[in-house]
Amino acid sequence: MESRLDFYKASPAAIKSMLGLEERIGKSGIEKSLAELVRLRASQINSCAFCVDMHTTDAKKGGETDRRLATVVVWRETPFFTDRERAALEWTEALTLISEAHVPDHVWEAVKPHLSDEEIVDLTLLISAINSWNRFAIAFRKMPA
């Protein structure tokens, strides 16, 4: 598969806007390790090879274990994730697959005890951003290095 275009070069202003989101996310209360798990899970759902590769690599550089990375896709069936991580992963799936159930109340109830209101908003921004990045990478066939 060949890359269709370099979206960084094609519209620097658009990418600058996306990087502004990333700057805000980096200043949020969402810890970097959790952010990478969320990015990885959304990218898995969206089948974004470039982003799965990138966020697996970034998570490993941040100290994440191979075992946890390999089981993010089946996080519900493993004991490897904290309650906070589980809540964030469930929120990630609900927002990434929003057309299926429109974020049901049970998902909202699961996330509320583990994140502050500000963290829920910041997590939602993170999930929105990675879903957008996935769409850029998939639409323009950005390939893993």
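The values are calculated or read from the model by the stated rules, or taken from the named source; none is laboratory data. As the structure is a computational prediction, the values presented were derived from the model and not from experiment. With ideal geometry, Cβ positions are generated from the backbone for all residues, glycine too; neighbour counts draw on all protein chains shown.
Within the stretch 54-77, restricting attention to residues that are of a type in the set (A, V, I, L, M) and surrounded by fewer than 17 Cβ atoms within 10 Å (Cβ to Cβ), which residue is nearest to A42 (Cα to Cα)? Per the criteria, the residue is V73. Scanning the stretch 34-49 for residues that are surrounded by 14 or more Cβ atoms within 10 Å (Cβ to Cβ) and not in a helix (DSSP H, G or I) turns up N46, C48.
When the stretch 106-119 is filtered for residues that are in a helix (DSSP H, G or I) and within 16 Å of K27 (Cβ to Cβ), the ones remaining, listed by number, are E118, E119.
Evaluate the following for A35: is it within 16 Å of V121 (Cβ to Cβ), of a type in the set (A, V, I, L, M) and in contact with a helix residue (DSSP H, G or I) (Cβ under 7 Å, 6 or more places away or on another chain)? Judged against the criteria, A35 is a match. Scanning the stretch 8-21 for residues that are under 14 Å from S128 (Cβ atoms) and either among the aliphatic types (A, V, I, L, M) or surrounded by 14 or more Cβ atoms within 10 Å (Cβ to Cβ) (or both) returns M18, L21. When the residues of the stretch 76-94 are filtered to those that are of a type in the set (S, T, N, Q) and not in a helix (DSSP H, G or I), the one that is nearest to the chain's Cα centre (by Cα) is T82. Report yes if A70 is over 12 Å from L37 (Cα atoms) and at pLDDT 95 or above, otherwise no. It is false that A70 is over 12 Å from L37 (Cα atoms) and at pLDDT 95 or above. Scanning the stretch 19-33 for residues that are in contact (Cβ under 8 Å) with a residue 24 or more places away in the chain, part of a helix (DSSP H, G or I) and of a type outside the set (K, R) yields a count of 4.
Yes or no, residue by residue, for (1) among the acidic types (D, E); (2) touching a Ser or Thr at 6+ places or on another chain (Cβ under 7 Å):
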position: A49; (1), (2): no, no
position: V52; (1), (2): no, yes
position: D83; (1), (2): yes, no
position: A94; (1), (2): no, no
position: L97; (1), (2): no, no
position: D105; (1), (2): yes, no
position: S116; (1), (2): no, no
position: F136; (1), (2): no, no
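Residue pairs whose Cβ atoms lie under 6 Å apart, separated by 6 or more positions or on different chains, with the first residue in the stretch 104-130 and over 14 Å from T82 (Cβ atoms) and the second among the hydroxyl-bearing types (S, T, Y) and part of a helix (DSSP H, G or I), are I127/T92.
Of V52, V103, V73, all but one fail to be outside any helix (DSSP H, G or I) and either closer than 19 Å to G29 by Cβ or not small (G, A, S) (or both); the exception is V103.
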